[in-house]
Amino acid sequence: QLQLVESGGALVQPGGSLRLSCTASGSPLKYWGIGWFRQAPGKEREAVACISSHDDTIFYVDFAKGRFTAARNNAVNTAYLQMNSLEPEDTGVYYCGGVLAYTTLQNMCLGGVMNSWGKGTLVTVSS
C-alpha cells in the first residue's frame, strides 16, 4: 500500500536547523495520518509530532513544541519536519509512519502504531 522514504538527515551543530522530508508512494498521502518518531542510540523509539489525515491538526510531543514544525503537502505526497534550535539530545534516527485509522491524534501519536514505516534518516547534532 503506502511506502515512505525519509530524507534530509545530516550532521548539524547545536543550535542549527534541519528539515526532514517523508515522501509517499503507492497510495495518496492525503488519506493517511502521518507520524514523526525518533530513536536515540540505546533508547526506545519515541513520538515527535503527528499530522491529522483529515484536517490541519498537528500534535507535538512536549520536547518538540516551539522548536519543531510538522507539515504536509498532499499535492506532492510529502510530509516535513522542520527542526530548529537543535541540541545534542535530538540526535537519533528519525522515522515517518502512516496510519489510515486512529481514534484520536494524540493517541495515535503516543501509541506509535503505524500501518507503514520508512527506514529512517540519521540526525546527528554535535559540535
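The values are calculated or read from the model by the stated rules, or taken from the named source; none is laboratory data. All of these numbers come straight from a predicted model, not from anything done at the bench. In this analysis, Cβ positions are derived from the backbone assuming ideal geometry, glycine residues included, and neighbour counts consider all displayed protein chains. Heavy atoms of the whole protein, side chains included, go into the accessibility calculation; ligands, DNA and RNA do not. Shrake-Rupley method; radii C 1.70, N 1.55, O 1.52, S 1.80 Å.
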Just checking, how many residues over the range 65-108 are among the hydrophobic types (A, V, I, L, M, F, W, C), surrounded by 12 or more Cβ atoms within 10 Å (Cβ to Cβ) and closer than 27 Å to L11 by Cβ? 9
I need every pair where a residue in the range 31-51 that is under 13 Å from M114 (Cα atoms) has its Cβ under 6 Å from the Cβ of a residue that is open to solvent by 70 Å² or more (accessible area, probe 1.4 Å) and not β-branched (V, I, T), sequence separation at least 6 or different chains. F37/R45; A47/L110
What number of residues in the range 115-127 are within 15 Å of W32 (Cα to Cα) and either open to solvent by 60 Å² or more (accessible area, probe 1.4 Å) or assigned to a loop (DSSP other than H, G, I, E, B) (or both)? 3
Could you list all residues from the range 22-40 that are of a type in the set (K, R) and assigned to a strand (DSSP E or B)? R38
